[in-house]
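The values are calculated or read from the model by the stated rules, or taken from the named source; none is laboratory data. From a predicted model like this one, the values you see are computed outputs, not experimental measurements. Glycine gets a Cβ as well: all are built from the backbone with ideal geometry, and neighbour counts include every protein chain shown. These accessible areas exclude ligands, DNA and RNA; they are computed on the full protein's heavy atoms, side chains included. Shrake-Rupley method; radii C 1.70, N 1.55, O 1.52, S 1.80 Å.
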Amino acid sequence: METEKFINYQTTEDFILDKEFSYWVLHPDVEIDLFWESFINDHPEKKTQFRDAILIIKSLQPIQQEVPQEKLDVIFQKVQLAGKKIKFNWNVGLKYAAAIAILISVGSLIYLSFQTKNQFPIEVASEMFLKGKVILADGTTREFDTEQTTIVNNTTGNLSINSDTINVSSEQTTSTLIQVIIPYGKRSEITLADGTHIWLNSGSQLSYPSKFESSSREVFLSGEAFFEVKANHDQPFYVITREVKIKVLGTSFNVSSYVEDNTVQTVLLKGKVTAGKNKLFASTIELIPGERLTYDKNNSNLLKDKVDVQLYSSWVKGYLVFRNIPITEVFTKLERYYNRQISVEDGLGKTTFSGKLDLGENLKTVLTNIAFAASVNVEENNGSFIIKK
Amino acid sequence: MSDSEIWGRFKAGDSDALNLIYADYSKKLYLFGLKLTPNHTIVEDSIQDLFSDLVRNRRKLGDTDNILFYLLKSFKRRLVRQLQKEKRYNFKNMSEDFVFNITYSIEHEIIQKENTIFKLQSLHQAINQLTPRQKEAVYLRFTEELEYKEMAEIMEMSIEACRNLICKAIKSLKDALQGDTSILLFILRKLV
């Protein structure tokens, strides 16, 4: 960045039309923030033009519509087929016509089954539900209001919620899903018919078929869950999130895939899993215990590293452990867990926190403990909290 | 990896490169398409056509150091052709007839500062009053961040005309922002 060029700028337009300037407005960067901060300090007479320029560029960003990702996935399938067109040779054509017909029908079957499998169950914004919910395969809904809800699916196909047994009609197919929705501030422990144990964290959803297919067990997750999967090599277990698909071979691990988070994280405690990007059949990566796989939604990269697994699984036991974690991240977790708003004053983005928090205590006590450790102040205001320097 | 490297790999038949390109740009094309028509099916068909052709003809494709621009250009041409077909007649100067339809947001953080609300309302109004061509130019420049040279090709006009289009649009927005408040009050009174 050269100050000289900008010193000559007189009008709002000068700034807006400058490529470096508009790039900075659209892609803020701490270092360049500093450059502009000092520039405006040195040239206060340009402040109005400068601010108007930022305002105009920002206002020119449109509200984008929702893009139906499933449709784009289907289109991609067709595009890939376009590259593999079968050339038909008429001389030997008739002889092979039957074989080709079979090929094509098998092809479309695979294609169709891909389509249904890749359909991600519709996500409902969890915060809209004050109560937890189970939506059964036939569409009926059961609500519950307990802090910690126990859901057990037994082998006969019946389901119990906090020991209330629900008899589910016998017309179950593998294509109908049972959906469990846990709002912020609540948690649930689910036992599937195959014996798999799942702890579902606040603000999360889990969908699973009322009866698993014979070849695989697939569950869909949005939010965070800890899995203890019953091993069965003939029927691998898959956890499918919007972006990442995890194949499990009898094991315990934690998956965090909140829609509002920028990453999807898988942390393995025991056993073995392989995981990869959901959409494009990219190659999968194998995890061994103690490893974490992070999918970055911004650039679609997968990154593997070693972590302290305790930090990712402790919530199941009712406490959270942090080690040098930005306090803003700590508060996001607490907001979900307690379903209360915690706002952080500017300038605290770099403050980190290490320690163990007991989630059995009320939020105010927990925040007071953090405030003490991280030397910040907590203010309570109408049920929400503000963290100050 | 740079755009020209990814593109080179794609041309050489690397399926990972295709995955990457599709994942990165299909959504952008979709959003751009919806600015030209509300018809989702036509937008989807055009995306499929575009990529299928790219895959089929990958060996014959030219080089590019800006994949987004390359795709946008070809995509727009296809989409407009499709839209023309749909209407079953030809436009003399079709570009003007396709409304570039955008809804703009105004940043929350700024709105909260009270005395800027009046300014913002007039800015917002001015943005919505830009012509479809101006909106398209502004979108390509400030959302897709293309160079004038690339914009000019997509919009099928000269670089100079493109630059003028943007300058004029920006000036009208600035005037709205720094304009005479009495006119503003008049407008506001009419709205109440």
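For A:Ala82 and A:Leu26, the difference between the fully extended length at 0.36 nm per residue and the C-alpha to C-alpha distance is 16.5 nm. Measuring with a 1.4 angstrom probe and ignoring ligands and nucleic acids, B:Asp16 comes out at about 100 Å² accessible.
Quote the accessible area belonging to A:Trp315 in square angstrom, nearest 10, computed with a 1.4 Å probe and with ligands, DNA and RNA left uncounted. Counting only protein heavy atoms, the figure is 10 Å².
Take each residue in A:70-80, count the other chain C-beta atoms within 10 Å of its C-beta, and the mean is 6.
The Cα center of the stretch A:334-359 and the Cα center of the stretch A:230-262 differ in position by 27 Å.
In the stretch A:318-388, one over the average inverse separation of all distinct C-alpha pairs is 12.0 Å, which is the Kirkwood hydrodynamic radius.
Using the alpha carbons of the stretch B:20-71, what is the convex hull volume per residue in cubic angstrom, as a whole number?
Residue-normalised Cα hull volume stands at 78 Å³.
Remark: accessible surface ordering of A:Glu189, B:Glu160 (largest first) is B:Glu160, A:Glu189, probe radius 1.4 Å. Excluding ligands, DNA and RNA and using a 1.4 Å probe, chains B and A jointly bury around 4000 Å² of accessible surface, summed across both partners. For the pair the stretch A:208-228 / the stretch B:52-70, the C-alpha centres are spaced 40 Å from each other. Taking one quarter of the surface of the C-alpha convex hull of the stretch A:126-310 gives a mean projected area of 10.3 nm². Sorting B:Asp24, A:Asp18, B:Asp53 by accessible area puts them as B:Asp24, B:Asp53, A:Asp18; the probe is 1.4 Å, largest comes first, and only protein heavy atoms count. D by Stokes-Einstein for the stretch A:1-83, Kirkwood Rh over Cα pairs, 37 °C, 0.692 mPa s: 213 µm²/s.
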